[in-house]
Amino acid sequence: MMHLSQEDLVGLAYGEGAPAADHHLSGCAECARSVAEMKSDLAELKPLDAPIRDENYGERVWEAIEGTLPRYQAPRWKWLGSRLVWGLGYAAVCAVLVAGAFYAGRVWEHGRKPPVTASTSTPQPRQPIVVVVLSDHLDRSERLLVELKHVDAHNSEMFPPLRDEARTLLAANRVCRKDAEQAGDPALEGALDHLDHLLGQLANQPGGLNTAAIAHLQDEMNADGLLFEVRVLRSRVHDQKSGRKPTNGGTA
Amino acid sequence: MVQMRKDDHEAIRAVLAGDKEAYSALVVRHSRTLFRVAFRITGNEADADEVVQDAFVRGYRKLEGFESRSDFGTWIYRIAVRCALDKVSGRRPDGVSRVAEENDPEQNEMQVADMAAGPDRLLLSGEIAALQQSAMHCLTPTERAAFVLRHMEDRSTEEIGAALGMQPNAAKQAVFRAVQKLRRRLAPLRVNA
């Protein structure tokens, strides 16, 4: 019969015997006697009585170590949280201001619309007014396209003025395009359509203008030959303004 | 117990939020328990006082890593055990030249001869305590700590392993070796008694 090891006996004496050892013990008098002896021996080993420490002991320990302990900083996320709230608030205010400015711009442009549309009921004086408005619009559009063509795509400081100007021109461009449509001038309508597309992207780029967006718009403008198209139209409109006969067919 | 644990956690949150003084509540609450186990492992009052202070300083510095699900009392107790173990591991025994009695290859620690008086020269009433004290010195620091935790602090094998940073089986072995050595040391006393 295999008896329990000394290690098992120690475990049993401390009440941590394995189930198999417990089972063996119930049928083995020799091992039971060994466990009893082990318990008896261990009972002779008295715990060391630690010297008494009074109620103020903890306070004395604290006084001894207090000077060596650095103070913890308040969790960083709280600071970040407050900064985040301020940042979001600031962004919201900016968004409201921009939206308000955009809306005001549109209202203002609509406010300017009656003189143009009023001319539809009086065909004779309408033509010069439309030509003047269109001429001015194409001048500004050309300047914007030139600026866009030469702007440094890595200089983000230049983007907001471009965007603001595009927003202003966008509203005027729609009025002019509608007028061209009514006047049955497909060449002008098509050019203003192209211009509308580009101004729309420049004014309302999702996520704001960035280097990639500017580079993309520059490529698009060059591929479409939009600047050239606008220059041709401007030249034609200038001719109309000055009373000269256009060099190619179709006018506003 | 539950209230104490709740109070401990509140104090820890306050400390981590920058209220250093909140740690004093934890120190006051647990100092005496730490002193008791530190004294039993080191066997020396001054060393035990140092261990208590070291444990609280070490605990403070690790407080950010304390898991809120844990019990602070258990956590700081384990730190104190490790501090006490470090203390006795770094201590040179008595400054007296000793003769190797036996080697412990598993722990790679040299055993030293007991220089205490023989049991026949001790009165029986004081014999057991004195001989036990003497016998405790022949244990390695790990065996001594394991035995103190098992025999005097009534800790389970798993708790001993966690406190000493070892597997439960290794903790069980350490307790076993300590008991064997102590029984051998105390055997003459039992015969004489």
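Checking every one of the trypsin sites (Lys or Arg not before Pro) in the stretch B:1-65 against DSSP loop status and a limit of 13 other Cβ atoms within 10 Å picks out B:Lys62. In summary, the lysines within cross-link reach of A:Lys241, defined as a Cα separation below 27 angstrom excluding same-chain residues under 8 places away, comprise A:Lys113, A:Lys178.
Modelled label positions at A:Ala18 and A:Asp139, each set 7 Å beyond Cα in the direction of Cβ, lie 10.1 nm from each other. Each residue of the stretch A:135-141 is assigned a 3J(HN,Hα), and the resulting list reads 4, 4, 5, 5, 4, 5, 5 Hz, derived from the Karplus form 6.51 cos²θ - 1.76 cosθ + 1.60 (θ = phi - 60°), x at Gly and Pro.
Suppose R0 equals 60 Å; then what is the FRET efficiency for B:Lys20 and B:Gln167 from their Cβ-Cβ distance, rounded to the nearest 0.05? After rounding to 0.05, the efficiency reads 0.95. Extension gain for the segment A:Glu37 to A:Val232, taken as residue separation times 0.36 nm less the Cα-Cα distance, is 58.7 nm to one decimal.
With a simple spin-label model that places each label point 7 Å from the Cα along the Cα-to-Cβ direction, the separation between A:Ala212 and B:Ala130 comes to 8.7 nm. Overall, the anisotropy analysis places the stretch B:2-89 in the prolate class: the square-rooted eigenvalues a ≥ b ≥ c of its C-alpha gyration tensor yield a/c not less than 1.5, with a/b exceeding b/c.
Structure note, pairs A:Lys46/B:Lys87; A:Lys39/B:Lys181; A:Lys46/B:Lys62; B:Lys6/B:Lys87: Cα-Cα distances above 26 angstrom occur for A:Lys46/B:Lys62; B:Lys6/B:Lys87.
Annotation: for a label point projected 7 angstrom from Cα along Cα→Cβ of A:Asn155, residues of the stretch A:195-216 with backbone N closer than 18 Å are A:209-216.
Qualifying GluC sites (Glu not before Pro) in the stretch B:1-70, where qualification requires a DSSP coil assignment and no more than 14 other C-beta atoms within 10 Å, comprise B:Glu67. Of the GluC sites (Glu not before Pro) found in the stretch A:4-69, the ones in coil according to DSSP and having at most 13 other Cβ atoms within 10 Å of their Cβ are A:Glu55.
The modelled label-to-label distance for the pair B:Ser70/A:Glu147, using points 7 Å beyond Cα in the direction of Cβ, is 6.3 nm.
Computed from the coordinates by the stated procedures, all read-outs in this text should not be read as laboratory data. Just so you know, these numbers come straight off a predicted model, no measurement behind them. No Cβ is skipped: glycine too gets one built from the backbone with ideal geometry, and neighbour counts run over all protein chains shown.
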